[in-house]
Amino acid sequence: MVGMFASITTADRVASWQAVRAFRHRNYRWFFTGAFLANIGGWLAGIARGYLVYELTGSKLLLGTIAFASTLPTMFLVPFTGVIVDRVHRKPLMAMTQSTFLVTNIVMALLIATGHIRFEYMVILALIDGLAQAFQSPAWQSLTVEFVGEEDLMNAIALNSMQFNMGRIVGGLAGGMLYDFVGPSWCFGINALMLGFGLYSLMQLGIRPPSPKASRTNAYMNFVLGMRYLRRRPALKAIVGMAAGVTVFALPYFTMLPVYAKDILNGDARTQSYLLTAIGVGALMAALMQAVDRTEGGWGRKMLYSQIVLAISVAIFATSSRLPVSLIALMGCGASMVGFMTSANTSMQLLVPDHMRGRLMGVFVFVSMGLTPIGSILMGWSAQRWGAPIALTVGAAIAGTATLWVMLRMKHVREI
């Protein structure tokens, strides 16, 4: 009997270690810690920004506009910033972008605290953040495989997703409470403090210099070679196309959370934080499952099934006026989005060579983040004209129909 319990304990220990095996790499531990702290602060500020805009303006269109402004530079610049990431040392580059985020959050906190905040100032600061994000994202995305190698890549990406959504839960809950009890300026001030901790973690990382192969070719040729490589590989094109569809038609539900919290569910900033937390809980559960999953391949099927679940979940959320139903639907949104992004990200990382990883991950960031402005402004305009439930339902229907078409007609996607 004792031996049986000992063997179970040993098996449990092995399973637990497998779930976090990427932590055996020192660089990855610092990478994870810095990102986690920055994400908590980012969700604090995100809650405050969205609800503050809706309180100041009462406009669904302007709510979409602020999301448009924060991601507009990513839409135009990321395919090219990915080339730059391949050619320069990423550590000082990311130190500059992290410092930019820190400064803009301090400015936001001071503007709110002194009563000088205006929507126009928020747009300008969102554009500056977006410009920094256009450089930060491809650099950050390209580091994971360098820190852990291909063997632990899937686990590291799942852990990245887990920390992102743990940050969403902690920051989302705290953001709503802080907004109601002490005001939005504290949300931005605490985010600045978290970014400072994140900057310290970044300084502890040992990051390789750029590949000589990327540096020997001029920047334009680097970009052309990357696009040529992408065009000739159907699997990569399929991943990029699916990510684009999700970003434009399904993910803009996130932009409408303040509308649902205030107008449809008759709540306040805390209600929005509950909605955000539900997304995080679903995403965290999916990330935990991904972390312990050692199954190789099948990423195409996982991407397609995840997209179908996402479309259904968004449609249920869109038509719900009851908080419990909305929370369950958003848990489905979070879980399915993690399933899709983890599979897509892993596939991209493994299918591209080292010297092209920055620019091709830049393309992935472009379609998964850079197209967000199009989805946000389209959703804001549609919601202003026909109402948020109709706008979200139509977006979900388009995303679901497109996924079914890919599932039935494109065999090579299922075989990724």
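The values are calculated or read from the model by the stated rules, or taken from the named source; none is laboratory data. As the structure is a prediction and not an experimental result, all values here were calculated from the model. Here the Cβ is made from the backbone with ideal geometry for all residues, glycine too, and neighbour counts use every protein chain on show.
Below are the figures for this structure:
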quantity	calculated
Spans of helices (runs of 4 or more DSSP H) in the range 165-269 with at least 3 residues at pLDDT below 85	212-216, 219-231, 234-245
Residue selected from the range 70-88 under the condition under 16 Å from the mean Cα position of the chain (by Cα) and either more than 19 Å from residue 105 (Cα to Cα) or of a type in the set (S, T, N, Q) (or both), by the criterion surrounded by the fewest Cβ atoms within 10 Å (Cβ to Cβ)	75
So residue 16, is it in a helix (DSSP H, G or I), modelled with pLDDT of 85 or more, more than 25 Å from residue 360 (Cα to Cα) and polar (S, T, N, Q)	no
Pairs with Cβ under 6 Å, 6+ apart, first in the range 325-340 and farther than 13 Å from residue 251 by Cα, second part of a helix (DSSP H, G or I) and of a type in the set (Ser, Thr, Tyr)	329/313; 339/306
Filter result (surrounded by fewer than 24 Cβ atoms within 10 Å (Cβ to Cβ) and under 20 Å from the mean Cα position of the chain (by Cα)) within the range 313-328	327
Those residues of the range 298-338 which are among the small types (Gly, Ala, Ser), more than 22 Å from residue 244 (Cβ to Cβ) and part of a helix (DSSP H, G or I), in sequence order	326, 329
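To keep it simple, each residue is scored yes or no on (1) free of Cβ contacts under 8 Å to residues at least 40 places away in the same chain; (2) in a helix (DSSP H, G or I); (3) under 28 Å from residue 146 (Cβ atoms); (4) not aliphatic (A, V, I, L, M).
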residue: 40; (1), (2), (3), (4): no, yes, yes, no
residue: 52; (1), (2), (3), (4): no, yes, no, no
residue: 62; (1), (2), (3), (4): no, yes, no, no
residue: 86; (1), (2), (3), (4): no, yes, yes, yes
residue: 91; (1), (2), (3), (4): no, yes, yes, yes
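A quick yes/no check of all residues on (1) surrounded by fewer than 17 Cβ atoms within 10 Å (Cβ to Cβ); (2) of a type in the set (Val, Ile, Thr); (3) touching a strand residue (DSSP E or B) at 6+ places or on another chain (Cβ under 7 Å):
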| site | (1), (2), (3) |
| --- | --- |
| 38 | no, no, no |
| 47 | no, yes, no |
| 55 | yes, no, no |
| 61 | yes, no, no |
| 68 | no, no, no |
| 90 | no, no, no |
| 101 | no, no, no |
| 114 | yes, yes, no |
